[in-house]
Amino acid sequence: MAVRFIMIGGFLGAGKTTTISRLAREYQHQGKRVGVVTNDQASNLVDTNTLRSQGLRVEEVPGACFCCRFDELVGRVGSLQAAERPDVILAEPVGSCTDLVATVIQPLKDLYAGQFEVAPYAVLFKPSHGLRILKNQIAGGFSPKAAYIFKKQLEEADAIVLNRIDELSSPELHELMALVADQFPNTPLLRMSATTGTGFNTLVAWLDQRGAFGRKILDIDYDTYAEGEAELGWLNATAHLHSPRPFDLDRLVMRILEELAIQCRTLGGEVAHLKLIGMDEAQAFAVGNLVSSSSRPTLSLPSGLKPLQAELIVNARVAIDPALLEAEVRRAVQRECAALGVTAEFRTSQSLRPGRPVPTHRYAVAKG
């Protein structure tokens, strides 16, 4: 029997990991076995560790988007099938990726029709950048080329899911709904908060549909796409934290995020997403997020931990030079740790600009 393949798209910080976590719990409640595949331009993903810490079986495709690592995506799914025999695979692509219908969904439907039953493709809408981008307000803090990616993600969606509605006022919500309806009039619009669960059942019901979905092949300029991605500095880093006295892990995560937010604003680099996870030896964890330069840092998953040592993972996606981003992250971590009497020893650090997408397959015409 074919496994149900559900890919949830959306820009960096749109809430894909929270949505996938909630979907996984829903399908498990239905008695289904669930596997997850995450994706990033580099290794050591906060998302992978967060989902694994929730007891989920997770495989990771690092080094490039699903489209450029298509065979590895299929291989990772095969590993999940061998180990877990899942009924459902939940896939989270890189948040700066688009053209996924032509390069992932159509190849899966055509080349692996007997193995996968591909669900409708939902793309999460990120309000903090989306409102400014759709109103053409200085590209939402990004260059027009990065904003181009944001709009192309929405253009290929079978449904646009306006997420984070718990963070919006009623006037903001209605303004966003009107903008999306005006610019994407033929695409269904769902409203949801993946954090609180409001509207979530509507998404689940929508994803359960069968039919002619995943067929929107984009007219896309790969030069603009590649240049938009390359404007983002990418950093994944890990550090070991230790102290002679117990320290407040939640407070430390928030202090680091707040310091990074100040530095990014000072340097003029728009934040696409900053995500930190601190974990103790028992794999209990705290997660903090910052989803735009105009937003406030949040502790999305408090831990209540006061350990003597912990592991810290930092994922930063900011529109500044990656070497500068790496230096600022190191400085912020060291400074805020020292303020709480904690020693930080960096173990790994990888900074980069995403390379030009070179898909393994690209379908010019929808077949499945």
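The values are calculated or read from the model by the stated rules, or taken from the named source; none is laboratory data. Quick caveat: nothing in here was measured; it's all calculated off a predicted structure. FYI the Cβ positions are ideal-geometry reconstructions off the backbone, even for glycines, and counts take in every protein chain you see.
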Residue in segment 75-93 that is in contact with a Lys or Arg (Cβ under 9 Å, 6 or more places away or on another chain), farther than 20 Å from residue 19 by Cβ and in contact (Cβ under 8 Å) with a residue 60 or more places away in the chain present: no
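Quick grid of which residues meet (1) in a helix (DSSP H, G or I); (2) touching a residue at least 40 places away in the same chain (Cβ under 8 Å); (3) closer than 29 Å to residue 143 by Cα:
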position: 180; (1), (2), (3): yes, yes, yes
position: 190; (1), (2), (3): no, yes, yes
position: 205; (1), (2), (3): yes, no, no
position: 216; (1), (2), (3): no, yes, yes
position: 247; (1), (2), (3): no, yes, no
position: 255; (1), (2), (3): yes, yes, yes
position: 261; (1), (2), (3): yes, no, yes
Residue in segment 20-38 that is on the phi > 0 side of the Ramachandran plot and either under 12 Å from the mean Cα position of the chain (by Cα) or surrounded by fewer than 22 Cβ atoms within 10 Å (Cβ to Cβ) (or both) present: yes
Residue among 266, 238 that is part of a helix (DSSP H, G or I), more than 20 Å from residue 150 (Cα to Cα) and β-branched (Val, Ile, Thr): 266
Failed criterion for residue 299 (all others in (1) within 15 Å of residue 236 (Cα to Cα); (2) of a type outside the set (Ser, Thr, Tyr); (3) assigned to a strand (DSSP E or B) hold): (1)
Those residues of segment 323-368 which are assigned by TED's automatic domain parsing to the domain that holds residue 276, more than 24 Å from the chain's Cα centre (by Cα) and of a type in the set (A, V, I, L, M), in sequence order: 338, 339, 340, 342, 344
Segment 167-178, residues that are part of a helix (DSSP H, G or I) and either touching a residue at least 60 places away in the same chain (Cβ under 8 Å) or surrounded by 13 or more Cβ atoms within 10 Å (Cβ to Cβ) (or both): 167, 172, 173, 175, 176, 177
Residue list for segment 39-74, restricted to those being surrounded by fewer than 19 Cβ atoms within 10 Å (Cβ to Cβ) and over 20 Å from residue 95 (Cα atoms): 53, 54, 55, 57
Candidate set: segment 222-258, residues that are charged (D, E, K, R) and under 24 Å from residue 95 (Cα atoms); chosen: the one surrounded by the fewest Cβ atoms within 10 Å (Cβ to Cβ): 223
Residues of segment 153-166 satisfying the condition of being under 16 Å from the mean Cα position of the chain (by Cα) and assigned to a helix (DSSP H, G or I): 153, 154
Helices (runs of 4 or more DSSP H) (entirely within segment 1-97) containing at least 3 residues that are among the charged types (D, E, K, R): 16-29, 70-84
